[in-house]
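The values are calculated or read from the model by the stated rules, or taken from the named source; none is laboratory data. Nothing here was measured: the structure is a model prediction, and the numbers come from that model. Cβ: placed from backbone, ideal geometry, glycine included. Neighbour counts: every protein chain shown.
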Amino acid sequence: MKAFLIVALGCVSLASSASRTVRLEDRSDWWSMNNEKEPILDVPLVEKHFDTNNFKILDLSLRTLTFNDVASRLGKAVIVERRGASYSRSQACYFSGSGSDTIHLIFEGGEGESSTVYVFQGGRDWKGSNLCVRSNRVSIDLTTGTGLRLGLSRAEVEAILGKPDSTAPNRVAYCRTFKRKVTKEEFKRLVAEDPRLSEERAHELYDFVDETIQIEGRFTNQGLSYFFVSTQGW
């Protein structure tokens, strides 16, 4: 199965924002999983539970994230909108450092209320990189809720995430789908959106939701130098 391209965030779209936008008919964003010019790894979709703490970075959760949430934590950035051959995406970029030591943290929303977060060090330039915003919250120490961060060895990444679902030289990838129990807050919101349901029917429909998560990591001699996390939910 070709690696999936969408990452739904419930009823909230990461792309919604009052920030200024710039539109580019461009695919130089080599780091994007939705850049068809430089595809990510092909990876089979595996039915197996995955830790949803992978969704979290800087105490922000991909499941409920908006660009306004990102701006409140990291500062307001120009939203770059790109349209490829078959997939559109909106991106907010932050960075720290300079030269080969530059760390980038990029949030991306796309069609179908989708979202991805990218963290990488160095890498070649791309059109629109001048619109990235410097933030003191971006550093080599950025971690997901499970401890995934730049600089880890492949063995350390696999100790956190488990055996990869797909591999290539200096690359690992995971693609999982599973059901998880909703939180009390999520259940209340879902029921409020359809108040005609009986309590019994509401529990049948909303006690559990489908989640899909995809991660890819890339390595250099210095360890993990790039990773993204995407989540497709309800």
Among the residues of region 64-77, write down those that are surrounded by fewer than 20 Cβ atoms within 10 Å (Cβ to Cβ) and either on the phi < 0 side of the Ramachandran plot or within 14 Å of the chain's Cα centre (by Cα) (or both). 64, 66, 68, 69, 71, 72, 73, 76
Condition broken by residue 227, with the remaining ones in (1) surrounded by 13 or more Cβ atoms within 10 Å (Cβ to Cβ); (2) more than 24 Å from the chain's Cα centre (by Cα) satisfied: (2)
Among (1) crowded, with 17+ Cβ neighbours inside 10 Å; (2) in contact with a Phe, Trp or Tyr (Cβ under 6 Å, 6 or more places away or on another chain); (3) within 30 Å of residue 221 (Cβ to Cβ), which single condition is residue 103 missing? (2)
Show the residue pairs meeting these rules: Cβ distance below 7 Å; 6+ apart or different chains; first residue within region 148-167 and farther than 20 Å from residue 117 by Cβ and assigned to a loop (DSSP other than H, G, I, E, B); second residue among the hydrophobic types (A, V, I, L, M, F, W, C) and modelled with pLDDT of 95 or more. none
Residue list for region 168-181, filter: without any contact (Cβ under 8 Å) to a residue 40 or more places away in the chain and either in contact with a Lys or Arg (Cβ under 9 Å, 6 or more places away or on another chain) or part of a strand (DSSP E or B) (or both): 179, 181
Give just the number: which of (1) modelled with pLDDT of 90 or more; (2) among the basic types (Lys, Arg); (3) within 17 Å of residue 178 (Cβ to Cβ) does residue 63 not satisfy? (1)
